């Protein structure tokens with residue numbers, strides 16, 4: 001099996017479910033449910049941070065990345081989570097430059113929550129449709145005048161770029177990526193294994 005490599009970016013004060021949700025979806029996916037224990041996921045998931053050493057998340061969880069920006073191998077899919085730590089990363093040239101470089105290489109570029117703000121400040125959303133956490137929609141609209149901000153959608157697909165709403169929306173986004181690569185039946189089976197309702201409706205879940 002040719003496995004597609006998924007990189008999930010980590011940084012200090014990242015929101016836990018922003019990265020753990022997509023990690024679970026991609027690592028739980030199987031092409032043959034009957035051989036779930038014998039065969040691996042078609043996705044190889046890597047955690048990537050700027051530097052070696054534990055990354056402390058919102059809430060205090062400590063996570064060990066698999067690779068640094070420098071050592072990260074070629075990726076097919078990149079996931080950029082959000083969280084309070086994005087405010088600092090927006091001013092981090094190493095983060096923004098790495099995202100720009102990797103965006104040229106990957107087949108699919110995705111974000112969860114305010115991870116879309118990192119994509120925006122890296123210049124990767126110009127002229128596209130996108131979304132983010134409901135509390136940050138106005139921030140996105142004011143920061144990126146050329147971005148068409150979707151207030152009512154849970155996940156926004158614009159070509160090869162997926163952006164998603166707040167925190168738990170990363171699960172739905174990742175299921176949509178699985179469906180794009182391997183079909184809806186595989187994505188639905190993944191959601192069923194997780195005992196998670198498959199996102200038949202793309203309306204934003206939170207009313208505001």
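The values are calculated or read from the model by the stated rules, or taken from the named source; none is laboratory data. All values reported here derive from a predicted model rather than from experimental measurement. All Cβ positions, even for glycine, are placed from backbone atoms using ideal geometry, and neighbour counts span all protein chains on display.
Condition (residue is touching a helix residue (DSSP H, G or I) at 6+ places or on another chain (Cβ under 8 Å), surrounded by fewer than 16 Cβ atoms within 10 Å (Cβ to Cβ), at pLDDT below 95 and part of a helix (DSSP H, G or I)) applied to the stretch 17-39: is it met by at least one residue? Yes. Can you name the residue in the stretch 68-88 that is without any contact (Cβ under 8 Å) to a residue 24 or more places away in the chain and not in a loop (DSSP other than H, G, I, E, B) and is also nearest to residue 115 (Cα to Cα) among such residues? My answer is 87.
Restricting the first member to the stretch 190-208 and to residues that are under 11 Å from residue 171 (Cα atoms), and the second to residues that are loosely packed, with under 15 Cβ neighbours inside 10 Å and at pLDDT 95 or above, the beta-carbon pairs closer than 8 Å and six or more apart or on different chains are 191/197; 198/192.
Residue 119: within 15 Å of residue 8 (Cα to Cα) and out of contact with any helix residue (DSSP H, G or I) (no Cβ under 6 Å at 6 or more places or on another chain), yes or no? Yes; evaluated as a whole, the condition is true for this residue.
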